[in-house]
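Peer 1: Once you've had a glance at the structure underneath, I'll fire off some questions.
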Amino acid sequence: MTVGEQKIKQVQREFATPPDDARIMMRWWWFGPAVTKPELQREILAMKAGGIGGFEIQPVYPSALDDKQKNFRNLPYLSDEFLDAVSFASKTAHENGMRIDMTLASGWPYGGKHVPVDEASARLKVVVVDVAAGVTSLPCPSIGNGESFLAAFAGDGTSKKYDVAQLKRVALDAGADRMHLEASPKARVVVFYIAGRTGQQVKRPSVDAEGFVLDHFSEKAVDDHLKTVGEPLMKAFGDTPPYAVFSDSLEVYDADWTDDLPAEFKRRRGYDLIDHLPQLASGTDEASAEIRHDWGVTLTELVDERYLTRVDNWAKEHQTRFRSQTYGHPAVSMSSNNLVALPEGEGPQWNKFSFTRWASSASHLYGRPVTSSETWTWLHSPPFSATPLDMKAEADRFFLEGVNQLVGHGWPYTPPGVAEPGWNFYAAAVFNDHNPWWIVMPDVTKYLQRVSYLLRQGKPANDVAVFLPDDDAYADFSPGKVSLSDEMPTYITPVLTQQVLSAGHNFDYIDAESIQKVGIPYPVVVMPHVARLSPDVLKLIAAYVEGGGKVIWVGSTPDRAPGFEDAGAVSARVKKLSNTLAGNKNARLVESDDKVGAALQSALKPDLELSAVAANVGFIHRKLDDADIYFIANTSNQPVKTPASFRSSRRYASMWDPQSGEARELDGAPASLAFAPYESCVVVLSDEPLAKSVREISGKTQMFADLTKDWTIHFSAEGSRPAFEQKIETPHSWADSERTHYFSGIAIYSKTVHLTDADLRGAGTITLDFGAGTTVAEDPNASHGMRALLEGPIRDAAVVSVNGQRAGSIWHPPYALDITQWLHAGDNKIEIQVANTAINMLAGRAPTDYHLLNARYGQRFIPMDAEDIKVQPSGILGPVHLLETK
């Protein structure tokens, strides 16, 4: 049965126990790589035990020097020993039913020592030389191997001020050291345009993988990389290829040229770019913008054809798939995601312009059922600070953007013998079993797996498309700044995004290419500040409007040609089509971003309408033939209670708990919703009633017993210090005690509670409750990532056992657990395993000295936010109560 044919009753059954292919993955950093087979096997099995379904191998920089006495060695990249380790990891993964992906490089972007300078990333270099009056010759600028002169232009002025429009092309003899000019009584400038190289080196490479970043516009550079790097990697996998090969962020900075760009530009655009280099580089008039537009379009076409398409085809030939983060530099478009099998996003910015929504929108438009995300990239820096609540808070934002496959960033390989808590990536959280709170990881990953599964069911049901003004963004390009995704926040502003969300809709992006390929499969499209648009696309929009589709223009309607050739005639056609559209009742112009919400509400009934107090509550909607599924999440640190109005009018409703997989019937669609901080839920509206798997808890809540006093705490051994026990009168942070100030690990709180038959007779639901936690103000100076702005009453995760039976875990609001079924008359032993983060342990020791490592390999990383490693409160921090609800 295909996903689109799934019935809601089957989805409910699978939601309780979701399939393995929806499990999260981890980016597995192999430092050095200094890996050994026994530790590879141990870590793979640990991942599986923690509910992680697979991993992406990412070889990166060395963390320690080779040491024969310790039998420690960094395996050179692509060496026989390294490839043997890859083969072993692949075999072990397959034996354990786990997915394995392989990065087709070490570090990022693609490149390495095999990339010669003439295949390295390229750029347009401009050198301006002042020429004094009367001077008739000057030295040509020095250029290096792999670079070449394109043209030279001369004109009146100085290097600080000259008129681009007055520059005239002058002869430039190939190989000449000096240029000769006719005499002039005025001071002049000569502007040299050079096909140069960016010089960018691969970021964070492993041993023997350093070198130039390759030219992503060059067929030869891409093919040579696939031959030199890709082929040996694929041979290491033998007859069990990886599930996917991976390309990380396209961070090829300043790349805006390639050797045959002039010829390709003339073939594709119909005129000679060399004649217009001054306008391209520094022109300020409309014609210059049109030339830059054409240059940008050509760059996108080249990276699409020569990089994305070629790697995707190569992956298919090797019986695998291409997973790609297709945004950033160079100038890929949203529709470029259509060229890869597995689009991936990055960034949890669900209520502003987002690279993640860029990827998921392409998946929705082009029929890709799965969109992955690099998740938790900068979560709660410095490393080891991130908690399970932080994980959930960010993951929910990715879910709201349409992601349904999480790739955690990440899992650091740690060799045996390294002091706890092991190694970490220089700028990321740590999600491996060296983290004390690993005890709740299976519960965390099950929640993430359950939601990921659910968001693959049926079809995406976003009603609104927000247009990406690529043609205007191309016109805004300049040398060294050729990224469509970087330009988009100018047009897709936070105000516009929040207006759409507050109007009761989720949305996708759409661009001109997707309109031409798949149309506009949405009831409403918002067109923000679009000045340039091709007549062909405008005609398609006109047909969409005539067919009942609704368009909201923001700020203006298009009036300019998207390109240089015949710009006047094309602009006249654009204006005429825009004027015709303006007269249609289904097309509306609003003056500014803050008017979009009202226009949307008049154009289309909200999908899910919440009150203004729920501005931080988001939803995503999936539609089945017999049901509508809404995943709804509070992204804030405040409790929210809000009226709710669902547009879907199906007869039955139920609430599904993504934590437990349980469901309860509702008497119709809920008229209101209540959320604890960072809480999420699933509302299902269906054509037939669904199985009730849990009784509804309702009624008055009152104190059943105060358990705050008199706990015994058992601290596990740490380093040379043995385990020990202590009694406390009331819970408080164990970091306040000198003996446990730097303790990172698991402490077991225990006490016995005596209950009588009379206590339990007629009792309702009995909940172990720890309180609400404390909100934290956002740090305006924080430069990286996000964190949950809430410090729980338990720091930072707990597993509760009652009378020797595991009752559940506590790691997010509400910090409470139903323990009714485990209680009985007589003595009841309650044990609470509490785990903190590893940050306290790190705060108690000197930072690692990397000066010898840097002397050997160069400084390949800088530990981020190391100055912020400070002891954090740990343990149970406040009152503990049993509450009864009847």
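The values are calculated or read from the model by the stated rules, or taken from the named source; none is laboratory data. The structure presented is a predicted model; accordingly, all values stated were derived computationally and were not measured. Positions of Cβ are generated from backbone atoms using ideal geometry, with glycine treated the same way; all protein chains shown enter the neighbour counts. The protein model used for the area step is the full one, side chains on, heavy atoms only, and it has no ligands, DNA or RNA in it. Shrake-Rupley method; radii C 1.70, N 1.55, O 1.52, S 1.80 Å.
Peer 1: What's the FRET efficiency of L172 with S142 using the Cβ-Cβ distance as r and R₀ = 22 Å, to the nearest 0.05?
Peer 2: According to the calculation, E is roughly 0.90.
Peer 1: Next question. Just the accessible area per residue of region 515-623, please: how many Å² with a 1.4 Å probe?
Peer 2: Computed with neighbouring chains in place, this is 45 Å² per residue.
Peer 1: Just the projected area, averaged over all directions, of the convex hull on the alpha carbon atoms of region 750-837: how many nm²?
Peer 2: Its average projected convex-hull area is 6.8 nm².
Peer 1: So the label point goes 7 Å from the Cα of A419 along Cα→C-beta, right? Which residues of region 838-863 then have their backbone N under 16 Å from it?
Peer 2: In region 838-863, the label zone of A419 (backbone N under 16 Å from the point 7 Å along Cα→Cβ) covers 838-851.
Peer 1: Here is a follow-up. May I ask for the longest run of the chain untouched by GluC sites (Glu not before Pro) that are loop-located per DSSP and have at most 16 neighbouring C-beta atoms (other than their own) within 10 Å?
Peer 2: Result, exposed sites excluded: 183-564.
Peer 1: Continuing with this model, one more query. Of all the Cα-Cα pairs you can form in region 307-352, what percent are over 16 Å apart?
Peer 2: The proportion of pairs with Cα distances above 16 Å equals 41 percent.
Peer 1: So if R0 is 41 Å, what FRET efficiency would F724 and T240 give, r being the distance between their Cβ atoms, rounded to the nearest 0.05?
Peer 2: For F724 and T240, the calculated efficiency is 0.25.
Peer 1: Where in region 125-167 are there trypsin sites (Lys or Arg not before Pro) that are in a DSSP coil and have at most 14 other Cβ atoms within 10 angstrom of their Cβ?
Peer 2: K160
Peer 1: Take the Cα coordinates of region 495-581, assign each an equal point scatterer, and use the Debye formula without solvent to give log10 I(q)/I(0) at q = 0.22 Å⁻¹.
Peer 2: -1.13
Peer 1: Can you pull the percent of the chain's accessible area that's carbon plus sulfur, 1.4 Å probe, other chains left in place?
Peer 2: For the chain, the apolar C and S fraction of the accessible surface comes to 49 percent.
Peer 1: Once you have the Cα-Cα distance between Q638 and E778, take 0.36 nm times their residue separation minus that, and quote the gain in nm to one decimal.
Peer 2: 49.1 nm
Peer 1: Report, in whole Å, the centroid distance computed from the Cα atoms of region 441-507 and region 41-70.
Peer 2: 33 Å
Peer 1: Taking the Kirkwood radius as the inverse of the mean 1/r across Cα pairs, report the Rg/Rh of region 269-341.
Peer 2: 1.13
Peer 1: At 0.36 nm per residue, minus the direct Cα-Cα distance, what do K227 and Q319 gain on full extension? Give it in nm, one decimal, please.
Peer 2: My answer for the length gained is 31.5 nm.
Peer 1: Based on alpha-carbon centroids, what's the gap between region 81-113 and region 746-805 in Å, whole number please?
Peer 2: Between the Cα centres of region 81-113 and region 746-805 lies a distance of 40 Å.
Peer 1: Going through region 500-593, which trypsin sites (Lys or Arg not before Pro) have at most 10 other Cβ atoms within 10 Å and a DSSP loop state?
Peer 2: K585
Peer 1: Can you spot the lysines whose alpha carbon is less than 27 Å from K446's alpha carbon? Ignore those fewer than 8 places along the same chain.
Peer 2: By straight Cα distance, K446 reaches K7, K9, K48, K91, K392, K459, K623, K641, K692.
Peer 1: Now, a different point. In square angstrom, what is the accessible area per residue of region 770-883 with a 1.4 angstrom probe?
Peer 2: Value for region 770-883: 47 Å² per residue.
Peer 1: Then there is this: Which three lengths, in whole Å and largest first, does region 374-475 cover when its Cα atoms are put on their principal axes?
Peer 2: In descending order, the Cα extents are 55, 38, 20 Å.
Peer 1: Averaging sequence separations of C-alpha pairs under 8 Å and six or more residues apart, then dividing by the length of the chain, give the relative contact order as a whole percent.
Peer 2: It rounds to 12 percent for the chain.
Peer 1: Same structure, new question: Under the Karplus relation 6.51 cos²θ - 1.76 cosθ + 1.60, θ = phi - 60°, what is the ordered set of whole-Hz ³J(HN,Hα) values for region 363-371, x standing for Gly and Pro?
Peer 2: Along region 363-371, the couplings run 4, 5, 6, 9, x, 8, x, 10, 10 Hz.
Peer 1: Going Cα to Cα from K751, which lysines come in below 19 Å? Please leave out same-chain ones fewer than 8 positions away.
Peer 2: Hits, sequence-local ones excluded: K709, K727, K829.
Peer 1: Excluding same-chain residues fewer than 8 positions from K227, which aspartates and glutamates have a Cα within less than 16 Å of its Cα?
Peer 2: Of all the aspartates and glutamates, those that pass the test against K227 - Cα under 16 Å, at least 8 places apart if same chain - are E119, D215, E219, D312, E317.
Peer 1: Give me the one-decimal nm value for the distance between modelled label points at E665 and D687, 7 Å along each residue's Cα-to-Cβ direction.
Peer 2: About 1.9 nm, to one decimal.
Peer 1: If you don't mind, there's one more thing I want to ask. How much of the calculated P(r) for the chain lies past 52 Å, in percent of all Cα pairs?
Peer 2: 22 percent
Peer 1: What list of ³J(HN,Hα) values in whole Hz, one per residue of region 15-20 in order, does the Karplus curve 6.51 cos²θ - 1.76 cosθ + 1.60 (θ = phi - 60°) give from phi, with Gly and Pro shown as x?
Peer 2: 4, 5, 10, x, x, 5
Peer 1: OK, next. If r is the Cβ-Cβ distance from T708 to Q10 and R0 is 41 Å, what FRET efficiency results, to the nearest 0.05?
Peer 2: That gives a FRET efficiency of 0.35.
Peer 1: V617's amide H: which non-local residues (gap 5+, or another chain) put their own amide H closer than 5 Å, with H modeled 1.01 Å from N in plane and none for Pro or chain starts?
Peer 2: Here T635 satisfy the definition.
Peer 1: Sticking with this one: Working from the pairwise distances between different alpha carbons, so that the mean of 1/r is found and then inverted, what is region 106-255's Kirkwood radius in Å?
Peer 2: 18.1 Å
Peer 1: Beyond 25 Å, how much of the Cα-Cα pair distribution for region 181-331 remains, as a whole percent?
Peer 2: Taking all Cα-Cα pairs of region 181-331, the fraction more than 25 Å apart is 42 percent.
Peer 1: Need one number for region 1-114: average projected area of the convex hull over its C-alpha atoms, nm².
Peer 2: 9.7 nm²
Peer 1: Counting DSSP beta bridges in the chain, what percent are antiparallel, to the nearest 5?
Peer 2: The antiparallel fraction comes to roughly 70 percent.
Peer 1: Next question, about the same structure. Can you give the accessible area per residue of region 1-115, in Å², using a 1.4 Å probe?
Peer 2: With the other protein chains kept in place, region 1-115 gives 39 Å² per residue.
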